[in-house]
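Here is the structure we will look at, set down as structure tokens.
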Amino acid sequence: MITEKKLVSSELDPLVIFAPEEPGLQWQKISGMAVLDEASLSLEVCRMQCMTLAEAKAFAATDDRITFFFYVKHYAIMYHHHVLHAGDVIFFSGAPALHAEPGADCFEKPAAPDSKLSITAAPGNNWISIQAQVQVPFLNSDKAHAYLWPCLRPGQDNSAEWMDGGLQAVLSYSPVQNTGINAVDKLNAHGGWWVCGQYVHAGGRQKPAQACFGGPSMPVSPGDILSCRIVYDVATRSWLQTITNTMNKNSVSFPVSVKHKHGQTHEKNTVSFCLEKLTQAYHGQAEHSHLYQCLSLFNVIAKARYPQNNLGHGLNNLPHVDHASLSDDQTSLHIARIILYSPMLDVR
């Protein structure tokens with residue numbers, strides 16, 4: 001299993017202790033089914049013995065490689081007559097073929113509709129910091145472009161979302177160097193995975209052309225754990241985006257001041273978590289490149305400027321959100337994990 005570096009107390013801003021809550025991720029149960037054929041062996045991540053169902057769910061929740069698992073209730077017979085017993089669990093990536101097996105049940109990891117989740121603070125309130133961690137995916141295709149980020153932007157204060165100025169800590173994959181397809185790609189001097197802080201603004205109603213500004217980009221590798229942090233300085237009306245690779249301590253920063261840009265909202269009252277562009281066109285035809293694994297953000301902490309007792313209300317009812325809780329001072333929202341993509345669900 002891939003281990004993830006948890007934020008220590010000195011990294012939390014503010015320092016908040018959160019008690020665990022239920023229910024957590026709400027798995028999609030497929031009764032009486034299992035993966036029994038040898039053709040799916042290459043998609044197996046690992047297998048465990050003598051687990052309770054709750055332990056199996058907790059184990060799978062923290063590993064983005066795992067899209068689903070099957071849990072043996074009585075016994076099951078796999079290829080080459082291999083017998084599995086009660087409490088045995090096999091975890092998989094991708095979407096292997098399922099077969100009828102009365103002695104086992106499958107459990108599929110949930111994902112956000114449209115691979116996006118947004119949380120808006122009340123009118124007059126706004127977010128002043130957001131931090132989240134993400135693991136660089138293990139990409140199965142060299143033809144996919146994927147953009148994954150936590151983002152802060154104006155919400156209810158602006159009538160049209162496309163006018164907003166968004167601050168985005170962007171993790172991206174490009175199959176070739178300097179594609180030059182758009183402003184985002186021009187920031188990239190790398191092939192493969194890279195990350196940088198960005199500011200994206202679509203312009204006014206008369207000038208809808210998108211403008212994108214970015215800081216220095218940093219190459220990263222599959223399996224790296226990235227800590228993304230966006231903080232607002234009320235006194236200077238400026239933002240600082242910092243992205244740190246917790247595996248080697250490399251980091252990039254991108255300061256942004258929008259106080260002189262006409263028509264811009266300085267404060268941001270919507271935080272979004274997004275995954276987009278898993279399709280790339282080649283020779284005029286779209287080629288779909290599905291990732292075999294799930295994609296998620298974890299250890300998310302969003303801080304609002306003012307207390308709000310309903311901040312994050314209803315998040316625990318969403319199947320793809322794991323353990324959302326509000327701090328005692330009602331300004332800091334903590335989310336253990338947000339699942340944005342699952343290849344079995346194909347939510348795009």
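Read the figures in this text as sums done on the coordinates, not as results from a lab. Being a predicted model, the structure only gives us computed values, none of them experimental. For neighbour counting, all protein chains shown are included, and Cβ atoms are generated from backbone atoms with ideal geometry for every residue, glycine included.
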Please list the non-local residues whose amide H lies under 5 Å from the amide H of Gly24, H modeled 1.01 Å from N, same-chain partners needing a gap of 5 or more. His323
Sort 227-236, 335-344 for me by packing, meaning the mean count of neighbouring Cβ atoms within 10 Å per residue, highest on top. 335-344, 227-236
Students often get this wrong, so check it: of Lys29/Lys303; Lys116/Lys268; Lys109/Lys268; Lys29/Lys249, which have C-alpha atoms separated by over 28 Å? Lys29/Lys303; Lys109/Lys268; Lys29/Lys249
Return, for the Cα atoms of segment 12-132, the radius of gyration and Dmax in Å, separated by a comma. 18.5, 64
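Show me the ranking of peptides 78-86, 316-324, 218-226 by mean Cβ neighbours inside 10 Å, starting with the highest. Provide the component values of the computation, followed by the final result.
On the way: 78-86: 12.3, 316-324: 19.4, 218-226: 17.4.
Peptide ranking by packing, descending: 316-324, 218-226, 78-86.
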Spin-label pair Ala86/Arg47, simplified geometry with 7 Å Cα→Cβ offset, distance in nm: 1.9 nm
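Over all alpha-carbon pairs in segment 20-62, figure out the percentage whose distance exceeds 17 Å. Mind dumping the intermediate values first?
Details: 444 of 903 pairs.
That tail contains 49 percent of the Cα-Cα pairs.
What order, most packed first, do the peptides 107-115, 268-276 have when packing is the mean number of other Cβ atoms within 10 Å of each residue?
On the way: 107-115: 20.1, 268-276: 21.9.
Highest to lowest by the protection proxy: 268-276, 107-115.
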